[in-house]
Amino acid sequence: AKEMGRNTYSFFTPEMNSRAQERHTLEVALHKALEKKHFLLHYQPIVDPHTQTVVSTEALVRWNDPEKGLISPEKFIPAAEDTGLIVPMGEWILRQACADAAHWQQEEGLNVGVSVNLSSRQFMRSDIYGLVKDVLKESGLPASKLTLEITESLLVEDENEILKTLRKLRDLGVLLSIDDFGTGYSSLSYLKRFPITTLKIDRSFICDILSDNEDAALTQAILSMAKSMNLKVVAEGVENAGQAEYLKERQCDLIQGFYYSKPLALEDLLLSLKQKKLS
Ligand code: C2E
Ligand code: CA
Ligand code: CA
Ligand code: CA
C-alpha cells in the first residue's frame, strides 16, 4: 500500500502535491496530539426557553496546541475522519464527556445531560454500541442523560446495520439526535424507520428566521412535524433575544446558541451552572 501511495504522488501537480503534504503534516500532528492528550472539550449549554434552565450541553472538541493555541474542530475533524483517526479520537471524546457529565450530576448535583457528536465513520468502522455501553457503565452516567448526535448522511449508509445499531443504542436508553437537520437528504421517510428522539434545526435556518419568510416557514414546518411525530426540537445558532422569543412562542423545546452561552471550558460551565442554580 505504501508503494502505491508513493507512485500516486507522481500524478500530483505541484499544487496538489503541496496540499497532500499539508494533509500529511496535519495527520502526523494529529497522531501526536492524540498521544499527548492535546485535546479538550468545551461544553455549550442547551436551554429550555420556557423554564430558562440548562437541560443539557453539547460537547465540542478543541485541539490545544502548545504553539498555536486552541484550534477549531472545523480545521481537523475532516482530516481525522479521512484518516480514520476519528475512531480513537471519538472514543476519547465520548469517555471524557460522559465522565465530566457523571461528575457534574453526582458530585455537583447538577441535573444536566450531555450531547456528543458522532461521525458516520465511527458507526461504520468501530463497535459504537459496545463502546457506548462500556462508557456508560464505567462513568455511571444514566443513559437518559446522554444524547448522540448523528447526521442525516449516516441514515443512507448500510441501512440495516445502522438501524440495528441505533435500535440497540435506544434500548440502552440513550437519546438520538439528528444534527444539522434540514441540510442533508431530502427524503424524510427515515424519520419513520429510525428510532430518532430529537431534531436539531441547523443554524443556517435560524440565522434569518426573523427576516426571511422561507427560513421562517421551514422552521415552523420542522416544529410542527416534530410535534406530531413526538420528536423534541433543538434550535441551534440562536444569537439574539428576537430569535429566542420567536422560537419559544412556536413551542420549540430547546435552544442552543451564543444568545445563552458560547461553548465553555468545563470549569466555566460549572461556575455558570452553579450561579444559575443559586439565583
Ligand atoms: P456542530 O455539531 O453543528 O456544532 C455547533 C457549532 O456551532 C459549534 O462550532 C458551536 O461553537 C457553533 N455555535 C454554537 N452556537 C452558535 C451561535 O449562536 N452562532 C454561531 N455562529 N455559531 C454557534 P464548533 O465548536 O467550532 O464545531 C464545529 C463542528 O465541528 C461541529 O458542528 C461538529 O460538526 C464538529 N465537531 C465539534 N466537536 C466534535 C466532536 O467531538 N466530534 C465530532 N465528530 N465532530 C465535532
Ligand atoms: Ca452537533
Ligand atoms: Ca449542528
Ligand atoms: Ca431565502
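Side notes on the structure shown:
- Heavy-atom accessible surface of LEU210, to the nearest 10 Å², is about 100 Å², with a 1.4 Å probe and all protein chains retained.
- Label zone of HIS103 (point 7 Å out along Cα→Cβ, amide N under 20 Å): in the range 45-68 this covers 45-46, 55-65.
- Note on the range 139-205 and the range 59-103: Cα centroid distance 20 Å, given to the nearest whole angstrom.
- Per-selection Rg to Rh, the range 1-160 - Cα, Kirkwood hydrodynamic radius: 1.04
- Heavy atoms of LYS145 accessible to a 1.4 Å probe, total area in Å² rounded to 10: 50 Å²
- Lys, Arg +1 and Asp, Glu -1 on Cβ, resulting dipole of the chain about Cα centre, debye, nearest 20: 660 debye
- Calculated log₁₀ intensity ratio I(q)/I(0) where the Debye formula runs over C-alpha points of the chain, q = 0.08, 0.10, 0.17 Å⁻¹: -0.37, -0.57, -1.46
- In terms of accessible area, using a 1.4 Å probe and ignoring ligands and nucleic acids, CYS207, CYS252 rank largest first as CYS207, CYS252.
- The heavy atoms of LYS37 present about 150 square angstrom of accessible area, all protein chains included, probe 1.4 Å.
- Structural descriptor for the range 48-112: relative contact order 27 percent, calculated from alpha carbon pairs under 8 angstrom and at least 6 residues apart.
- Counted residue by residue at 0.36 nm each, then reduced by the alpha carbon distance between them, the extension gain from VAL28 to ASP268 reaches 83.2 nm.
- A 1.4 Å probe over all protein chains sorts GLU157, GLU58 by accessible area into GLU157, GLU58, starting with the largest.
The values are calculated or read from the model by the stated rules, or taken from the named source; none is laboratory data. Remember, predicted model here, so these are calculated numbers, not experimental data. So basically every Cβ, Gly included, is an ideal-geometry build from the backbone, and we count neighbours across all protein chains shown. The protein model used for the area step is the full one, side chains on, heavy atoms only, and it has no ligands, DNA or RNA in it. Shrake-Rupley method; radii C 1.70, N 1.55, O 1.52, S 1.80 Å.
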